[in-house]
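Chemist: My structure is below; once you've seen it, I'll send some questions.
The values are calculated or read from the model by the stated rules, or taken from the named source; none is laboratory data. Note that the structure is a prediction, hence the values are computed from the model and not measured. All Cβ positions, even for glycine, are placed from backbone atoms using ideal geometry, and neighbour counts span all protein chains on display.
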């Protein structure tokens, strides 16, 4: 049996769509890992760029609502929604040696890893995840309306809930409208751990460049081999 990687789709898409969006990376990883694509628990409208390409692939799903009012509402949303991953996916389909998250899925991965690391400390439940791949990620919502840079400035409060120590690689697109959020998400991962940033030309989508995907695969393999 091959080691498993958990793959979390973006908001307003689905597991099926993410499998297609990430097909280049999937092809490179499949000989070495089993990739598990769960669906988000919350139904929602289609996300950016989903229509008309994926018309007929409903229902579209997300992991979290972008809820105003500081980190507490999103943490509560996480506990009632994404928190089910611990029971419905991690404990039943795992263990997982790594997690890949795109867009809102990258933010959900951050929440998940922070939960697993805290659970290991407080309850003694082993956290098997040894690496995280975050592509075009977003940051916890703080209720700020307006430009993305204003929203990013308001994420600081959520950092007080703790940074993630799991080694991570952050793929950031040059022309992504949410690029400032992707840059800010890096701060949620402890700088004392291995934390790489790779940049690629493109917008808010999974990288198509062979070199970028190769760098991600090399990172995954190095972290897995070092377990």
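Chemist: Can you give me the number of residues within region 36-75 that are within 20 Å of the chain's Cα centre (by Cα), loosely packed, with under 14 Cβ neighbours inside 10 Å and at pLDDT below 65?
Modeler: Of the residues in that region, 1 qualify.
Chemist: Give region 15-31 a look and list any residue that's touching a strand residue (DSSP E or B) at 6+ places or on another chain (Cβ under 9 Å) and over 14 Å from residue 100 (Cα atoms), or say none.
Modeler: Matches in region 15-31: 17 only.
Chemist: On to the next question. Pick out the one residue from 214, 191 that is surrounded by fewer than 19 Cβ atoms within 10 Å (Cβ to Cβ), more than 14 Å from the chain's Cα centre (by Cα) and under 24 Å from residue 114 (Cα atoms).
Modeler: Checking each option against the conditions leaves just 191.
Chemist: Is it the case that some residue within region 20-28 is surrounded by 14 or more Cβ atoms within 10 Å (Cβ to Cβ), part of a loop (DSSP other than H, G, I, E, B) and within 18 Å of the chain's Cα centre (by Cα)?
Modeler: For region 20-28, residues surrounded by 14 or more Cβ atoms within 10 Å (Cβ to Cβ), part of a loop (DSSP other than H, G, I, E, B) and within 18 Å of the chain's Cα centre (by Cα): present.
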